[in-house]
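Written out below as structure tokens is the structure these notes cover.
Coordinate-derived values only; no laboratory data. Just so we're clear, the structure is a prediction, and the values are computed from it rather than from any experiment. As a convention, Cβ positions derive from the backbone with ideal geometry for all residues, glycine included, and neighbour counts pool all protein chains shown.
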Amino acid sequence: DSGVTQTPKHLITATGQRVTLRCSPRSGDLSVYWYQQSLDQGLQFLIQYYNGEERAKGNILERFSAQQFPDLHSELNLSSLELGDSALYFCASTRTQTSPRTQYFGPGTRLTVL
Amino acid sequence: AQKITQTQPGMFVQEKEAVTLDCTYDTSDQSYGLFWYKQPSSGEMIFLIYQGSYDEQNATEGRYSLNFQKARKSANLVISASQLGDSAMYFCAMRGPTGANSKLTFGKGITLSVRP
């Protein structure tokens, strides 16, 4: 158990819908990262937050947004869903925002868009 | 830009034998970090081992060791005494330089199958 929690574990929805994925980092970790794992794109970094502030953006679509709350949990919002958004979405956390020697991942949320 | 290359096809190893999973990387940064993760069929990403670019010794964590050859830009994972539970996908990843954000760039992964 990495100490990073993600809910829900599975999510099945239809095209055009909107979903919210939730992540709670390990106790004491201030930085949260979101990654997407799909068959065609592999594992890709989406976005990073540190102590409530956005720190870095990767290949995140405009239809996707995220935020980190004062209690440090984070949510990834995916809207106007398309079939191609079906993927495994991971959240990871680190204590610092730079040069961590570990980055622990949550169990992931498997999103299926029908 | 950073790039991780994992080109081995599916790897097979006999139980109790050692296996090496290859990883090469490309970066113009002097300071960076290299990670290996294991992803079993259940899907979770399990952190295995970390090597900093300025670490003087190769990293070891139990049965895992990292053969770090900086000049060749390679960071191969060595698993000793393979177990059936080692059958999984293995990903090599790189973190950027000190002071920058710590997002990871991943390779495409290598599938390892351990035979009894």
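Brief remarks follow.
- Test: residue in the range B:74-81 that is among the aliphatic types (A, V, I, L, M) and at the interface with another protein chain (Cβ under 10 Å from one of its Cβ atoms): no
- Meets criteria (more than 14 Å from every other protein chain (Cβ to nearest Cβ) and over 17 Å from B:D26 (Cα atoms)) for B:S65: yes
- From the options A:Q68, A:Q37, residue that is within 11 Å of chain B (Cβ to nearest Cβ), touching a residue at least 12 places away in the same chain (Cβ under 8 Å) and surrounded by 14 or more Cβ atoms within 10 Å (Cβ to Cβ): A:Q37
- Only residues that are more than 12 Å from B:Y90 (Cβ to Cβ) and within 12 Å of the chain's Cα centre (by Cα) were counted in the range B:5-39, giving 5.
- Tallying residues that are in contact with a Pro (Cβ under 9 Å, 6 or more places away or on another chain) and either buried (at least 21 other Cβ atoms within 10 Å of the Cβ) or basic (K, R) (or both) within the range B:33-55 yields 2.
- Filtering the range A:87-114 to residues that are away from chain B (no Cβ under 14 Å) and either part of a loop (DSSP other than H, G, I, E, B) or under 16 Å from the mean Cα position of the chain (by Cα) (or both) leaves only A:L114.
- Any chance A:R55 is assigned to a strand (DSSP E or B), of a type in the set (K, R), surrounded by 15 or more Cβ atoms within 10 Å (Cβ to Cβ) and in contact (Cβ under 8 Å) with a residue 60 or more places away in the chain: no
- For the range A:73-85, filtering for residues that are part of a loop (DSSP other than H, G, I, E, B) and either surrounded by fewer than 17 Cβ atoms within 10 Å (Cβ to Cβ) or touching a Phe, Trp or Tyr at 6+ places or on another chain (Cβ under 8 Å) (or both) leaves 4.
- The listed residue being among the β-branched types (V, I, T) and free of Cβ contacts under 8 Å to residues at least 40 places away in the same chain, out of B:T7, B:T24: B:T7
- Taken together, B:D55, B:D86 contain a single residue that is more than 14 Å from chain A (Cβ to nearest Cβ) and of a type in the set (D, E, K, R), which is B:D86.
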